[in-house]
Amino acid sequence: MPDYSLKIRRYNPESGQPAYWQQFDVDLAGCSCQAAICGSCGVRINGMSRLACNTKLGEAAEDAPNGAIVVEPMGNMPVLKDLIVDMDAVHWKKVQRVVPWLLPEGDPPDREYIVDPESMIDITQSMACIHCGACVSACLSMEVDPEFIGPAALAKAYRFVGDPRDAFTEDRLLDLAEDPHGIYDCTHCFACIEVCPKDVAPMNQIMRLRRRATSDYGIKDGNNGYGHEKAFSDLIEKYGLLSEAQLLPKSYGDGSLIRAQVKPAALKELTAKLPTVIRGLRSGKVSPKTALIHRKLKDQDQIRRMYKEVESHEDRLELNLYIVGDSDAEEEGTMAEGGQEG
Amino acid sequence: MKLAYWPGCVSRGFTPELHGAMAAVAPKLGLELVELDRANCCGAGFISEHNQELADTLNARTFALAQGVDGAAGMVNICSTCQGAQSECQERLDADAAYRAHINEHLEPEGLEYERGGAWWNKNLLWLLVEEIGLDALRERVVRPLEGLRVGPFYGCYIVRPTRRLGYELYPDRDKYLEWVIEACGAAPVKYAGSHKCCGFPIVTTNRETSLRQAGRHMADALDAGADCVVTPCPLCHLNLDLQQPESQAFVERDLGIPVLHLPQLIGLALGLDFKELGLHRHVVKTDEVQAKVAALAAA
Ligand code: SF4
Ligand code: SF4
Ligand code: SF4
Ligand code: SF4
Ligand code: FES
């Protein structure tokens with residue numbers, strides 16, 4: 001049995017002493033379910049948020065700086081003692097925030113609710129969460145904005161938004177879109193996807209929430225999420241390439257240049273942004289021409305045709321690899337060298 | 001090496017110095033770039049947020065155009081975000097033959113088709129440098145080792161996460177390449193907390209405070225760790241780290257003023273190119289001190 005060195009961050013709030021590091025030499029460690037099911041063993045190992053129970057000591061030892069595996073409590077949550085963080089104060093409070101229970105319309109049926117199995121597939125991924133808190137620990141928006149609702153709770157929100165039995169879909173979306181710390185406070189950093197031991201891909205669930213809020217319900221939120229997404233997509237339809245100079249005014253006017261000029265809130269935001277554009281001009285970074293006139297792509301009509309073609313069918317086509325798996329990968333057994341493995 | 005070249009739109013819009021620097025550096029590295037001037041924006045994650053099928057179609061078109069470049073070894077991009085957004089689409093296209101066929105139908109009127117697999121790849125300049133050109137070859141071409149220049153690497157999320165999508169199984173060290181390239185240029189990589197974190201760009205219009213606090217904090221960390229400048233392979237990161245730096249200062253309540261270089265600019269310095277050609281005068285945070293340091297090296 002090989003020996004491993006673990007460098008553990010210890011802390012006891014009652015001692016009045018600061019946290020300190022202590023090194024242990026062990027040859028076995030284990031507790032709780034040990035099967036990535038109970039969600040109780042989240043820690044940071046060599047800086048990565050993960051479950052202790054499904055981390056192989058040998059592999060962790062390979063990444064260990066100076067030979068000792070570094071074990072710390074999870075981030076973004078207060079430490080209660082040693083490796084134990086206050087999940088109630090952060091994680092569970094945020095989960096509560098999204099109303100994590102079904103709100104059906106009217107009286108319950110006499111027997112069970114009958115749903116089409118197909119309609120539940122979309123939310124199976126968000127249901128896989130074991131509430132370990134690893135994503136919360138790793139979240140880069142929460143690191144600077146502790147009020148951000150965060151990956152686990154928003155993934156949970158999608159579990160109910162996507163549930164056909166729930167009657168408050170639009171209200172839920174409106175609530176999450178309008179909250180300044182809601183779906184538009186996620187910085188799309190993939191940290192939660194990277195660390196989640198159950199492949200919940202919380203960021204993807206947040207993107208689904210945005211898609212439903214903007215495309216399905218046309219929710220024009222005060223955070224400008226709707227305007228930004230619409231502006232981006234419209235500009236590319238029109239020009240094929242993106243121009244930041246037009247993106248700003250457009251995204252502050254629900255996607256319309258004209259509205260940006262008349263909507264007072266949009267105007268305020270836009271003028272706050274102007275110094276940035278002017279600075280760009282002054283530093284010689286951007287010529288007035290690039291700032292004001294949009295380059296148009298050759299063959300733009302082709303892009304427009306594709307937009308029309310794709311957007312003309314009612315059903316949104318989404319390929320969720322969590323559900324379909326990588327059906328093609330085995331068949332050839334080789335991956336492109338760029339390594340886009342599913 | 002002949003390559004299909006996707007410069008991205010930001011490098012031709014708000015960070016023209018990046019496009020120029022790449023054009024100057026490529027021949028020095030023995031690269032022949034065939035620019036995909038008919039290709040469209042990768043969508044930077046925003047299009048797939050809006051409509052996944054559309055994003056996959058747009059990028060399949062870019063891949064098809066790149067695959068059509070005669071004699072090209074592969075496709076190169078100079079934007080972490082392009083890499084991530086395109087890899088995301090490629091992952092879906094490669095995963096399912098029926099889906100790929102469906103997307104290819106949208107390309108048919110132009111006679112284009114994306115073909116999966118084989119030896120075809122799409123790599124960011126950073127990956128290309130290490131995996132295709134090789135660090136030894138780079139070192140051999142360095143005429144001005146940047147001795148004494150302390151450089152903080154800033155990767156950009158899209159090129160480090162999620163590792164499964166970004167080929168880390170095959171190339172597990174892709175999150176260390178910037179440090180390696182900095183060393184190959186003769187400079188010293190600086191370790192600091194924010195090197196692999198998010199610059200905050202995606203939410204600069206929806207939550208300015210969260211966004212600029214991230215940008216400001218990373219630059220402050222790099223400064224505190226003793227960096228003379230930061231280098232990034234992502235022009236979108238550059239927008240938040242350089243263009244917005246005068247404003248992000250307010251959110252971290254301190255002065256910053258740390259120059260942010262594009263990856264080809266750093267390489268260009270080591271390859272002996274001049275400052276103007278690399279567009280070093282076109283930054284918001286002045287690069288004068290970096291220039292002075294490098295100029296002193298040349299004189300020595
Ligand atoms: S993608 Fe969004 S939710 Fe996930 S870790 Fe990053 S900021 Fe947090
Ligand atoms: S989403 Fe994943 S990482 Fe986050 S709490 Fe659930 S299981 Fe853990
Ligand atoms: S990531 Fe940016 S630069 Fe690259 S294509 Fe997309 S929008 Fe353009
Ligand atoms: S750091 Fe920000 S802009 Fe840069 S790649 Fe990540 S999300 Fe994008
Ligand atoms: S011990 Fe239960 S999840 Fe790790």
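Please pick out the residue among B:G111, B:G84 that is within 28 Å of B:A24 (Cα to Cα) and modelled with pLDDT under 95.
Selected residue: B:G84, the only one of B:G111, B:G84 that is within 28 Å of B:A24 (Cα to Cα) and modelled with pLDDT under 95.
Among the residues that make up region A:159-173, is at least one of them within 14 Å of ligand 2 (Cβ to nearest atom) and either touching a strand residue (DSSP E or B) at 6+ places or on another chain (Cβ under 8 Å) or more than 10 Å from chain B (Cβ to nearest Cβ) (or both)?
Yes, there is a match, as at least one residue in region A:159-173 is within 14 Å of ligand 2 (Cβ to nearest atom) and either touching a strand residue (DSSP E or B) at 6+ places or on another chain (Cβ under 8 Å) or more than 10 Å from chain B (Cβ to nearest Cβ) (or both).
Return yes or no: is B:A101 out of contact with any helix residue (DSSP H, G or I) (no Cβ under 6 Å at 6 or more places or on another chain) and surrounded by fewer than 24 Cβ atoms within 10 Å (Cβ to Cβ)?
yes
Looking at region B:25-39, is at least one residue buried (at least 21 other Cβ atoms within 10 Å of the Cβ), under 18 Å from the mean Cα position of the chain (by Cα) and under 24 Å from A:Y184 (Cα atoms)?
Looking for residues that are buried (at least 21 other Cβ atoms within 10 Å of the Cβ), under 18 Å from the mean Cα position of the chain (by Cα) and under 24 Å from A:Y184 (Cα atoms), one finds none in region B:25-39, hence no.
Residue-by-condition table, conditions (1) crowded, with 24+ Cβ neighbours inside 10 Å; (2) aromatic (F, W, Y); (3) without any contact (Cβ under 8 Å) to a residue 40 or more places away in the chain; (4) more than 16 Å from ligand 2 (Cβ to nearest atom):
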{"position": "B:P153", "(1), (2), (3), (4)": "yes, no, no, yes"}
{"position": "B:Y158", "(1), (2), (3), (4)": "yes, yes, no, yes"}
{"position": "B:E179", "(1), (2), (3), (4)": "no, no, yes, yes"}
{"position": "B:A188", "(1), (2), (3), (4)": "no, no, no, yes"}
{"position": "B:S195", "(1), (2), (3), (4)": "no, no, no, yes"}
{"position": "B:P202", "(1), (2), (3), (4)": "yes, no, no, yes"}
{"position": "B:A215", "(1), (2), (3), (4)": "yes, no, yes, yes"}
{"position": "B:H218", "(1), (2), (3), (4)": "yes, no, no, yes"}
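Residues to consider are A:D122, A:D179; find the one that is within 30 Å of A:C53 (Cβ to Cβ), within 14 Å of chain B (Cβ to nearest Cβ) and surrounded by fewer than 21 Cβ atoms within 10 Å (Cβ to Cβ).
A:D122
Which of the residues belonging to region A:75-95 are out of contact with any Pro (no Cβ under 6 Å at 6 or more places or on another chain) and touching a residue at least 40 places away in the same chain (Cβ under 8 Å)?
The answer is A:G75, A:N76, A:M77, A:L80, A:K81, A:D82, A:M87, A:V90, A:H91, A:K94, A:V95.
Need at least 1 residues that are within 9 Å of chain A (Cβ to nearest Cβ) per element, so show me which helices (runs of 4 or more DSSP H) inside region B:166-239 make the cut, counting only ones lying wholly within it.
By residue number, B:208-224.
Restricting attention to region B:246-271, and to residues there that are assigned to a helix (DSSP H, G or I) and under 19 Å from the mean Cα position of the chain (by Cα), which single residue is nearest to A:C189 (Cα to Cα)?
If we take residues in region B:246-271 being assigned to a helix (DSSP H, G or I) and under 19 Å from the mean Cα position of the chain (by Cα), then B:L263 is nearest to A:C189 (Cα to Cα).
Tell me, please, whether a residue that is surrounded by 20 or more Cβ atoms within 10 Å (Cβ to Cβ), in contact with a Leu (Cβ under 7 Å, 6 or more places away or on another chain), closer than 25 Å to A:R305 by Cβ and more than 9 Å from every other protein chain (Cβ to nearest Cβ) can be found in region B:74-97.
No, region B:74-97 contains no residue that is surrounded by 20 or more Cβ atoms within 10 Å (Cβ to Cβ), in contact with a Leu (Cβ under 7 Å, 6 or more places away or on another chain), closer than 25 Å to A:R305 by Cβ and more than 9 Å from every other protein chain (Cβ to nearest Cβ).
Is one or more of the residues making up region A:170-182 within 16 Å of ligand 5 (Cβ to nearest atom), more than 15 Å from the chain's Cα centre (by Cα), over 18 Å from A:V85 (Cβ atoms) and in contact (Cβ under 8 Å) with a residue 60 or more places away in the chain?
So far as region A:170-182 goes, no, none of its residues is within 16 Å of ligand 5 (Cβ to nearest atom), more than 15 Å from the chain's Cα centre (by Cα), over 18 Å from A:V85 (Cβ atoms) and in contact (Cβ under 8 Å) with a residue 60 or more places away in the chain.
Taking the stated definitions as given, is A:P146 outside the structural domain of A:Y184 (by TED's automatic domain parsing) and either surrounded by fewer than 19 Cβ atoms within 10 Å (Cβ to Cβ) or in contact with a Lys or Arg (Cβ under 7 Å, 6 or more places away or on another chain) (or both)?
Against the criterion (outside the structural domain of A:Y184 (by TED's automatic domain parsing) and either surrounded by fewer than 19 Cβ atoms within 10 Å (Cβ to Cβ) or in contact with a Lys or Arg (Cβ under 7 Å, 6 or more places away or on another chain) (or both)), A:P146 does not qualify.
Would you point out which residue out of B:A44, B:A64, B:A21, B:A4 is more than 24 Å from B:P202 (Cα to Cα) and not in a helix (DSSP H, G or I)?
B:A4
Take the residues in region B:67-85 that are of a type in the set (A, V, I, L, M) and within 18 Å of the chain's Cα centre (by Cα); name whichever of them is nearest to ligand 2 (Cβ to nearest atom).
B:A85
The values are calculated or read from the model by the stated rules, or taken from the named source; none is laboratory data. The structure displayed is predicted, hence computed values, not measured ones. Using ideal geometry, Cβ is built from the backbone for each residue, glycine included, and neighbour counts are taken over all protein chains shown.
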